[in-house]
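Okay, so here's the structure we're looking at.
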Amino acid sequence: MKPLDISNAKNPDLAAPLIAMRRTAAAARKIAMQTGTGIVLSENGKTVRISAEQLRRQYPTESAL
């Protein structure tokens, strides 16, 4: 299933994990920006480090929370 399909699933047990992962990712970005630390994630199979400053530029509304 594609993420778009899962987010529109009628069964809440299928849609809830995607919502929880998005909420967790937002919380991780917020904490990283507050503490001035970067985050490490995987994009297209490659490990990527994003600094707190890059996060602040990319997600300005989250850094204001």
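Bear in mind that the values in this text are calculations on the coordinates, not laboratory data. Quick caveat: nothing in here was measured; it's all calculated off a predicted structure.
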Taking only the alpha-carbon atoms of segment 3-63, the convex hull volume per residue, in cubic angstrom, is 96
Amide proton proximity set for Gly38, modelled H, under 5 Å, gap of 5+: Ala52
